[in-house]
Amino acid sequence: MSHQSLFRDTIFALSSGGLPSGVAVIRLSGPHTVAALASITGKRIPPPRKAALRELVDDDGEPLDRAIVINFPGPASFTGEDCAELHVHGGKAVVAAVLEHLGRKDGLRAAEAGEFTRRAFLNGKLDLTSAEGLADLVAAETELQRRMALINAEGGQRDIYDRWRKRLLHARAMIEAELDFADEGDVPGSVAADLWTDMSAMQQEIANHINGYHAAEIIRDGYRVVLLGAPNAGKSSLLNALARRDVAIVTEIAGTTRDLVEVSLDLDGLKVIVTDTAGLRDSPDAVERIGIERALRAAAEADLVLKLADGSPEMPGFDLADIEGKALSVATKADITPHRTGEFHHIVSVIDGAGLSSLVEDIGRHAKAAVSAASGVLPSRLRQLELLRSCGHHLSLATEVRQELELRAEELRLAGDALARITGAIDVEDLLGVIFSEFCIGK
């Protein structure tokens, strides 16, 4: 018996990535899944949730492949509706033949990006924060990204926001009881004392949670390190040395680097993005001046700036006071230029490798310090941050003692609605296309 679905059509897609491969997984979900399985397996549908070897055939009974087939009847499936997986051989022709066969079936169509996860959300199998965590898990490149994404995919954020929302609902219920039954003797004359103390405490909890956003942003998007210095200070050479490959052009001609050049490193599980920039100098070249402006802007937005010097005169005419608190001074070309220790945080040479390991370790320490300041579950998306700020704003208004009790209760309702929008409990239809478009086809 096919499980009742919210959708009339059944979707299918290759879910296992690029071809060729040893095994390719084709996933189906929807009300026609069982019929499609019956057709392609010659009516030999495997028992629920048991892997079985089956010959896959086309409509004429001609073999397509021998595959492992798994049947997941709804609602006990990822999407909440009837699902199936075909584990076929990972050749391009094999996969193309199976997908073409499925596409000819009535009621079946190729899935769009993120459509399986979107159906799981709409069928109540996961909330929006779990869906976003799942997207981050698929995209994770480093160990810290994996850990944060896994916590969120398994409901870490949802649990916190649901607990806060329940406290708000309780507070509103107590206030409404006081308003409705103020004349009754068995209703406390002032719910306010404990209730508003708890609301103030929750406001501070949310503020602390918001403060962790930058750490989460660093984990997701990377800790940004910018190389800054005069022309020929050794920025591009250092970038190539850190990347262990040639990613930037290195010449003795001043102004060679005119745009930002980035490379990503994995330092102890944390993504670190190092950016090479145009050399800072007074230049008549309009294109080079644009590159210099971008360099200064990148430095202002960076988490850490490496100020490179090779013994040549300091960079003229540039106010770098705003980056001093996040800058490390690095002396380059130590193999040919003598530097006095004590004047620089690091002295390095890309020719013989002197000082490079110490510099990389120091970058790693700064990056770890930036994320270790926040712990536990963190807000990981800008939309979450904006809704948390909205919640905190309404809580701030609610705890204003000069307001009428009815108005304070309304502010609590608005605070609760902001939390509900984070998890997708209310009013999120306009967000769905944006969120689920981040997924690959088949997820």
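The values are calculated or read from the model by the stated rules, or taken from the named source; none is laboratory data. Small disclaimer: the values here were computed from a predicted structure and weren't measured. Heads up, the Cβs are rebuilt from the backbone with ideal geometry, glycines too, and the neighbour counts pull from every protein chain shown. When the accessible area is computed, the model is the full protein with side chains, heavy atoms only, and any ligands, DNA or RNA have been set aside. Shrake-Rupley method; radii C 1.70, N 1.55, O 1.52, S 1.80 Å.
At a glance:
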{"read-out": "Residue in region 195-215 that is nearest to Arg408 (Cα to Cα), counting only those that are of a type in the set (A, V, I, L, M, F, W, C) and without any contact (Cβ under 8 Å) to a residue 40 or more places away in the chain", "value": "Leu195"}
{"read-out": "Residue list for region 91-128, filter: at pLDDT 95 or above and assigned to a strand (DSSP E or B)", "value": "Leu108, Arg109, Ala110"}
{"read-out": "Total residues in region 87-105, condition open to solvent by less than 20 Å² (accessible area, probe 1.4 Å), within 15 Å of Gly22 (Cβ to Cβ) and aliphatic (A, V, I, L, M)", "value": "2"}
{"read-out": "Some residue of region 160-174 being open to solvent by less than 30 Å² (accessible area, probe 1.4 Å), assigned to a loop (DSSP other than H, G, I, E, B) and either modelled with pLDDT of 95 or more or under 26 Å from Cys83 (Cβ atoms) (or both)", "value": "no"}
{"read-out": "Checklist (1) buried (at least 16 other Cβ atoms within 10 Å of the Cβ); (2) in contact with a strand residue (DSSP E or B) (Cβ under 6 Å, 6 or more places away or on another chain); (3) at pLDDT below 95 applied to Arg44, failing item", "value": "(1)"}
{"read-out": "Residue check, Arg365 at pLDDT 90 or above, part of a helix (DSSP H, G or I) and surrounded by 14 or more Cβ atoms within 10 Å (Cβ to Cβ)", "value": "no"}
{"read-out": "Residues that are assigned to a helix (DSSP H, G or I) and open to solvent by less than 10 Å² (accessible area, probe 1.4 Å), drawn from region 149-159", "value": "Ala149, Asn152, Gln157"}
{"read-out": "Only listed residue being more than 30 Å from Asp127 (Cα to Cα), surrounded by 15 or more Cβ atoms within 10 Å (Cβ to Cβ) and not basic (Lys, Arg), chosen from Ile68, Ile26, Ile11", "value": "Ile68"}
{"read-out": "Residues of region 47-64 that turn out to be among the basic types (Lys, Arg), surrounded by 12 or more Cβ atoms within 10 Å (Cβ to Cβ) and not in a strand (DSSP E or B), as a count", "value": "0"}
{"read-out": "Within region 179-284, helices (runs of 4 or more DSSP H) holding 2 or more residues that are modelled with pLDDT of 80 or more and in contact with a Lys or Arg (Cβ under 9 Å, 6 or more places away or on another chain)", "value": "192-211, 213-221"}
{"read-out": "Subset tally (residues that are of a type in the set (Asp, Glu), over 18 Å from Leu169 (Cβ atoms) and modelled with pLDDT under 90) for region 386-415", "value": "2"}
{"read-out": "Selected residue (criterion: most open to solvent (accessible area, probe 1.4 Å)) from residues of region 129-144 that are in contact (Cβ under 8 Å) with a residue 60 or more places away in the chain and over 8 Å from the mean Cα position of the chain (by Cα)", "value": "Glu141"}
